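Asks: Please read through the structure below; I'll follow up with questions.
The values are calculated or read from the model by the stated rules, or taken from the named source; none is laboratory data. Owing to the predicted nature of the structure, the values given are computational and were not obtained by experimental measurement. FYI the Cβ positions are ideal-geometry reconstructions off the backbone, even for glycines, and counts take in every protein chain you see.
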Amino acid sequence: MNEIHEPWCPFGKTGLGNHTDAAKRLSDTYNLHRIALGLNAVGKWFAASLAEGRTDDVLYDSKLDCVIHQHHNERWYTFIKIVPASMRPCEAEVMLTTARRLYDKGMRMTDPDHKHGGPDLIQRLTVEDALAQMRGVVTNLKMPWER
């Protein structure tokens, strides 16, 4: 069964088919938290496995708490902050792909000793910018793996 894709989604444009199970799990978890807690979920964090998109189904008040509760396995996770919008599998796929590429190039988004739990990528304003960032071809921006 084919999925409904965002107009910008490469899976829909190229006919690649459906998103990965990891992206679907991440999207489902994110939306479940948003629906269950409403606006109380906004600003909370959860960890998702880079490999499978699985989570511990716990929302944390800060990224630091989220990182610490991964019990020294934080290098296998990406950390997601809940915002007012929902997340479709298309967005989840971009988030996972970007995190995997950063980790593959040696960058880490976690630092339990940092007062905020480590660095984050600057959120892009448009879908086109987010996709370009994922591909590492943003104009006038050197991604960590391009240095």
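Asks: Name the single residue that is farthest from the chain's Cα centre (by Cα) among those in segment 65-96 being among the polar types (S, T, N, Q) and exposed (fewer than 15 other Cβ atoms within 10 Å of the Cβ). Let's see the steps before the verdict.
Replies: Quick first cut of segment 65-96, residues among the polar types (S, T, N, Q) only: 70, 73, 78, 86.
From what's left, exposed (fewer than 15 other Cβ atoms within 10 Å of the Cβ): 73, 86.
Values: N73: 17, S86: 13 Å.
Here the residue is N73.
Asks: Only one of these conditions is not met by K105: (1) among the charged types (D, E, K, R); (2) without any contact (Cβ under 8 Å) to a residue 40 or more places away in the chain; (3) surrounded by fewer than 18 Cβ atoms within 10 Å (Cβ to Cβ). Which number is it?
Replies: Evaluating K105 over (1) among the charged types (D, E, K, R); (2) without any contact (Cβ under 8 Å) to a residue 40 or more places away in the chain; (3) surrounded by fewer than 18 Cβ atoms within 10 Å (Cβ to Cβ) leaves (2) as the failure.
Asks: Now for a separate question. Are any residues in segment 87-118 modelled with pLDDT under 75, of a type in the set (D, E, K, R) and touching a helix residue (DSSP H, G or I) at 6+ places or on another chain (Cβ under 8 Å), and if so, which ones?
Replies: Once the filter is applied, which keeps residues that are modelled with pLDDT under 75, of a type in the set (D, E, K, R) and touching a helix residue (DSSP H, G or I) at 6+ places or on another chain (Cβ under 8 Å), segment 87-118 yields R108, D111, K115.
Asks: If I filter segment 38-51 down to residues being over 16 Å from S62 (Cβ atoms) and touching a residue at least 12 places away in the same chain (Cβ under 8 Å), which single residue comes out as farthest from the chain's Cα centre (by Cα)? Let's see the steps before the verdict.
Replies: Initial filter on segment 38-51 (over 16 Å from S62 (Cβ atoms)): 38-39, 48-51.
Applying the additional criterion that residues be touching a residue at least 12 places away in the same chain (Cβ under 8 Å) yields 39, 48-51.
Details: L39: 19, A48: 8, S49: 10, L50: 9, A51: 12 Å.
Restricting to residues being over 16 Å from S62 (Cβ atoms) and touching a residue at least 12 places away in the same chain (Cβ under 8 Å), the top hit is L39.
Asks: Would you pick out the residues in segment 43-86 that are more than 21 Å from R101 (Cα to Cα), in contact with a strand residue (DSSP E or B) (Cβ under 9 Å, 6 or more places away or on another chain) and assigned to a loop (DSSP other than H, G, I, E, B)?
Replies: The answer is G43, K44, D56, D57, V58, L59, D61, S62, H69, I82.
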